[in-house]
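The values are calculated or read from the model by the stated rules, or taken from the named source; none is laboratory data. Every value quoted in this text rests on a predicted model; they were computed, and no experiment measured them. Glycine gets a Cβ as well: all are built from the backbone with ideal geometry, and neighbour counts include every protein chain shown.
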Amino acid sequence: MSLRVAQGRDQPAADASVGADSASQGARDLPDLVRAMLTALGEDPTREGLRRTPERVGKSLEWLTRGYRQSVADVVGDGVFEGKHESMVVVRDIEVYSLCEHHMLPFFGRAHIAYYPNGRIIGLSKIPRVLDVFARRLQVQERLTDQVADALVDVLEPVGVGVVIEAYHLCMMMRGVQKQNSKTVTSALRGLFRDDAKARDEFLRLAHGGRWLD
């Protein structure tokens, strides 16, 4: 079975070799950039505690943004199957970690993802993998929510898709307004979940299970 994924939404550049070379060069540059940043902050990057920090930060950023080097097609693979299931499928409380593109500080929380099959089902482990393709990039929560929903629509052509993400943003908690208990909730509803109030209410009830983030 062929896997349809919209080129514009999540695929790497058309010339994969150019993209890979650019990413490799960028990874090599990161430690030097971190050293320059430490110096600009008034630190001494040669002192014992910071001597290996540039390399550590470089590797960390590579890992935290690995979604740029992945695609939905890569992570789904052959995990889509013919199936006659005609009820909602919900994967709830998926941990999500990402970096805010405005301050490069983390935001984290839970994602609740559902779909109504239309003759095809997806391996359950593939759903959080699709989420991570987009979460492991510089992001805003609103776009992340839409990208996950649209990717599942492209892959499965389902009757409907619903995505809710609840997250805490460190850019609001440890700087700026410093609101420690604030959380952001975003949703993306496609097909039946958008058009049918009963289906939408069922999804939201199952997603939240009578509670929100603790």
**Fill in**
Every listed condition ((1) out of contact with any Ser or Thr (no Cβ under 9 Å at 6 or more places or on another chain); (2) on the phi < 0 side of the Ramachandran plot) holds for G77 save (2)
**Prompt:** Would you say D44 is at pLDDT 65 or above, loosely packed, with under 14 Cβ neighbours inside 10 Å, part of a loop (DSSP other than H, G, I, E, B) and not hydroxyl-bearing (S, T, Y)?
**Reply:** yes
**Asked** Regarding E142, is this residue of a type in the set (D, E) and not in a helix (DSSP H, G or I)?
**Response** no
**Message:** Condition first: within 17 Å of N181 (Cβ to Cβ) and of a type in the set (G, A, S). Now tell me which residues in segment 96-111 satisfy that.
**Reply:** G109
**Asked** Restricted to segment 180-196, and to residues that are in a loop (DSSP other than H, G, I, E, B) and over 21 Å from the mean Cα position of the chain (by Cα), which residue is farthest from V96 (Cα to Cα)?
**Response** D196
**Asked** In segment 155-164, is there at least one residue being part of a loop (DSSP other than H, G, I, E, B), under 12 Å from the mean Cα position of the chain (by Cα) and either surrounded by fewer than 19 Cβ atoms within 10 Å (Cβ to Cβ) or at pLDDT 95 or above (or both)?
**Response** no
